[in-house]
Amino acid sequence: QVQLVESGGGSVQPGGSLRLSCAASGFAFEMFTMAWYRQAPGKQYELVAAISGGGITNYADSVKGQFIISRDNAQNTVYLQMNSLKPEDSAFYYCNTGLNPRFNWGQGTQVTVSS
């Protein structure tokens, strides 16, 4: 049974940082490109960043130079380091396979950027 469990969200002021984690289980994690997506209220899911099993990364233009995606295949975990956060980064953040989500969504982790 596939499980994707996101954590690490919270409330921060503009300019702050957060590190999100996603613990994956139930599939051959190292074989899949993994990605972080976000969904703001009333909006579609947006792919934020992706990383291949071998560590090749891709980012949405809106977060290039701001977010860093990484993974630990031994721990079946994917991370998203978010720096210089802006109010427009506020959303629920989810992990799933990239570049198209293959599995059911987890519960996500909420990020709120506000002064």
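When segment 60-80 is filtered for residues that are under 12 Å from Leu20 (Cβ atoms), of a type in the set (A, V, I, L, M) and either open to solvent by 20 Å² or more (accessible area, probe 1.4 Å) or touching a helix residue (DSSP H, G or I) at 6+ places or on another chain (Cβ under 7 Å) (or both), only Ile68 remains.
The set of residues in segment 34-59 being surrounded by fewer than 20 Cβ atoms within 10 Å (Cβ to Cβ), touching a Gly at 6+ places or on another chain (Cβ under 9 Å) and within 13 Å of Asp72 (Cα to Cα) consists of Ser52 alone. Using the structure shown, decide if Ala28 is in contact (Cβ under 8 Å) with a residue 40 or more places away in the chain, closer than 15 Å to Leu4 by Cβ and either out of contact with any helix residue (DSSP H, G or I) (no Cβ under 6 Å at 6 or more places or on another chain) or among the charged types (D, E, K, R) (or both). So Ala28 does not fit the description; no. Residues in segment 57-66 that are under 12 Å from Leu99 (Cβ atoms) and either among the charged types (D, E, K, R) or part of a loop (DSSP other than H, G, I, E, B) (or both): Ala60 only.
Just to verify a result, which residue in segment 34-47, among those that are under 16 Å from the mean Cα position of the chain (by Cα) and assigned to a loop (DSSP other than H, G, I, E, B), is farthest from Thr109 (Cα to Cα)? Only one residue tops the list, namely Gln44. Scanning segment 6-33 for residues that are part of a loop (DSSP other than H, G, I, E, B) and polar (S, T, N, Q), we see that the one that is least open to solvent (accessible area, probe 1.4 Å) is Thr33.
Of all residues in segment 81-115, those that are closer than 17 Å to Cys22 by Cβ and either assigned to a loop (DSSP other than H, G, I, E, B) or of a type in the set (Val, Ile, Thr) (or both) total 14. When Val78 is tested against (1) farther than 22 Å from Gln13 by Cβ; (2) more than 15 Å from the chain's Cα centre (by Cα); (3) not in a loop (DSSP other than H, G, I, E, B), only condition (2) is not met.
The values are calculated or read from the model by the stated rules, or taken from the named source; none is laboratory data. Values in this document were obtained by computation on a predicted structure and should not be read as measured data. Please note: Cβ atoms are built from the backbone with ideal geometry, for glycine as well, and neighbour counts cover all protein chains shown. With ligands, DNA and RNA removed, areas are computed over all heavy atoms of the protein, side chains included. Shrake-Rupley method; radii C 1.70, N 1.55, O 1.52, S 1.80 Å.
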